[in-house]
Structures are given as structure tokens and as C-alpha cells.
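Worksheet: one structure, shown below.
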Amino acid sequence: MATRNALPTDADALATIMAVRGGTAHEHLVSARRLIARLEVLLIAEQDGAPVGWCGIQKVRIRPGAELEWLVAGLTVVPAARRRGIGARLLGELVRDTPRTTQDEPIFSVINAGNLASIDLHLELGFLEVERAATFAGIKFSGGVGVLLSHP
Ligand SMILES: CC(C)(COP(=O)(O)OP(=O)(O)OC[C@H]1O[C@@H](n2cnc3c(N)ncnc32)[C@H](O)[C@@H]1OP(=O)(O)O)[C@@H](O)C(=O)NCCC(=O)NCCS
């Protein structure tokens, strides 16, 4: 397994991975192109040369009135490649590669409170829970509650 920065030519593969969370690859293609163009870091994980996961990061206003802050985007591994450490490697490398201006500038992630797998993954990588709410960064969570975590 290897990770690398996404290229414009990865749009189709990224759209295909995005579709494992709902919708079709065709429906995600425009967003995939936009993400590759705009995200500060967008990592693709490959296994045997085939893209199997992605995650990225961008500066977003997470809470009303707050400054723009680093927020993890995506973090998806295709079902056939899960539980092999790929998600942890992607998120770990994303934290390492985020161009923070100061050492203590936090990286945030928002997760549906019911997504215990992703919450555990974040906690294992040193993220800590900050708070729970119905919405962060304009995202409303199915089930009604999201968790905001930060690193460090
Ligand atoms: C969450 C997701 C990215 C994890 O990817 P992955 O490659 O399977 O994760 P890893 O193999 O690196 O697992 C790292 C740790 O996360 C936790 N974890 C991952 N999947 C889990 C599961 N199904 N149940 C419980 N814990 C899980 C475990 O603590 C695991 O460590 P361990 O294997 O030593 O027990 C993947 O399940 C996924 O794409 N899910 C759908 C999209 C999603 O929910 N993304 C997160 C949105 S914030």
C-alpha cells in the first residue's frame, strides 16, 4: 500500500471512492475535480496500483463567527480494503502534511456521533473530542449529533 498526492487525472478514481458513501461516481465527478483543484492536501491510497482510499484537508469556518480552521475532508476507504490500516495511514499522513503555520495550530475533524469506527480511528491517532452538536461547518448529521475532534 502506498499514498500519494492526488493529480487532476485522479478525478474519476476519486469520484468512484466517494460513491461508496452514497450516490454514483458520475454524480461525484464535478466535486472530485473541484476537490483536487482546491484542497490544500488531498491524499490517495493505492493498493496494487489501484486507488482504494482518500482524505484531504481545507480551511473552513467550523463554528459561526470563528476564524477559518483546518478541517479533515473525506477520509474514505473502499469496503474491500478496510481494517488493514489504510484509514489510519491516510489520516496520520494528512496530519503530518498539513501546512500549519504554527506547531500548535489544531486540525479538526467532524464525525457523525454514530460512526464509532471513525471516532476510534481518530482517537488512536491522538485526536481528542472537543464538543458535540447538531451541526458543524454547515454539516447536519443524520441521527442529529456530530462530534468535533481536534489534533493536537
Ligand atoms: C472509517 C474508515 C475510513 C476506516 O478505514 P480503515 O482503513 O478500515 O481503518 P483502519 O484499518 O486504519 O483502522 C484503524 C482503527 O480504526 C478503528 N476502526 C476502523 N474500522 C473499524 C470498525 N469497522 N469498527 C470498529 N473500529 C474500527 C479501529 O480502532 C482501528 O484500529 P484496529 O484495526 O487496530 O482495531 C472506513 O471504515 C470508511 O471508509 N468508512 C466509511 C466512510 C467514513 O465513515 N469515513 C469517516 C468519516 S469522518
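Residues in the range 17-38 that are buried (at least 19 other Cβ atoms within 10 Å of the Cβ) and free of Cβ contacts under 8 Å to residues at least 60 places away in the same chain: Met18, His28, Ala32, Leu35, Ile36. Selection of the range 33-59 for residues being away from the ligand (no atom under 16 Å from the Cβ) and assigned to a helix (DSSP H, G or I) yields Arg33, Arg34, Ile36, Ala37, Arg38.
Kindly list the number of the only condition in (1) at pLDDT 95 or above; (2) more than 15 Å from the ligand (Cβ to nearest atom) that fails for Asn115. Single failed check for Asn115: (2).
In the range 117-129, the residue that is farthest from Trp70 (Cα to Cα) out of those that are within 15 Å of the chain's Cα centre (by Cα) and surrounded by fewer than 14 Cβ atoms within 10 Å (Cβ to Cβ) is Ala117. Hey, among the residues in the range 80-98 that are near the ligand (Cβ under 7 Å from one of its atoms) and basic (Lys, Arg), which one's surrounded by the most Cβ atoms within 10 Å (Cβ to Cβ)? Across the range 80-98, the extreme among qualifying residues is Arg89. Outside any strand (DSSP E or B) and under 15 Å from the mean Cα position of the chain (by Cα): does that describe Arg96? Spelling it out, Arg96 is indeed outside any strand (DSSP E or B) and under 15 Å from the mean Cα position of the chain (by Cα).
Specify which of the listed residues (Ser109, Ser118, Ser142) is of a type in the set (Gly, Ala, Ser) and either part of a loop (DSSP other than H, G, I, E, B) or touching an Asp or Glu at 6+ places or on another chain (Cβ under 9 Å) (or both). Walk me through it before giving the result.
Working: Ser109 fails: either part of a loop (DSSP other than H, G, I, E, B) or touching an Asp or Glu at 6+ places or on another chain (Cβ under 9 Å) (or both); Ser118 fails: either part of a loop (DSSP other than H, G, I, E, B) or touching an Asp or Glu at 6+ places or on another chain (Cβ under 9 Å) (or both).
Going through Ser109, Ser118, Ser142 in turn, just one is of a type in the set (Gly, Ala, Ser) and either part of a loop (DSSP other than H, G, I, E, B) or touching an Asp or Glu at 6+ places or on another chain (Cβ under 9 Å) (or both): Ser142.
Hey, any hits in the range 25-32 for a residue that's outside any strand (DSSP E or B) and in contact with a Ser or Thr (Cβ under 7 Å, 6 or more places away or on another chain)? Yes, there is a match, as at least one residue in the range 25-32 is outside any strand (DSSP E or B) and in contact with a Ser or Thr (Cβ under 7 Å, 6 or more places away or on another chain).
Can you find even one residue in the range 50-69 that is among the charged types (D, E, K, R) and closer than 12 Å to Asp10 by Cα? Please lay out each step first, then the result.
The initial filter retains those residues of the range 50-69 that are among the charged types (D, E, K, R), namely 59, 61, 63, 67, 69.
This time we only want the ones that are closer than 12 Å to Asp10 by Cα, so: none.
No, the range 50-69 has no match at all.
Of everything in the range 130-142 that's within 13 Å of the ligand (Cβ to nearest atom) and more than 15 Å from the chain's Cα centre (by Cα), which residue is nearest to Cys55 (Cα to Cα)?
Across the range 130-142, the extreme among qualifying residues is Phe141.
For the range 60-70, check the following and say yes or no: at least one residue is touching a helix residue (DSSP H, G or I) at 6+ places or on another chain (Cβ under 7 Å) and either in a strand (DSSP E or B) or among the hydroxyl-bearing types (Ser, Thr, Tyr) (or both). First the steps, then the outcome.
Filtering the range 60-70 down to residues touching a helix residue (DSSP H, G or I) at 6+ places or on another chain (Cβ under 7 Å) leaves none.
No: zero hits.
Screening Thr76 against (1) within 25 Å of Met1 (Cα to Cα); (2) more than 11 Å from the ligand (Cβ to nearest atom) leaves a single unmet condition, (2).
The values are calculated or read from the model by the stated rules, or taken from the named source; none is laboratory data. Just so it is clear, the structure is predicted and the values come from calculations on it, not from any experiment. Glycine gets a Cβ as well: all are built from the backbone with ideal geometry, and neighbour counts include every protein chain shown.
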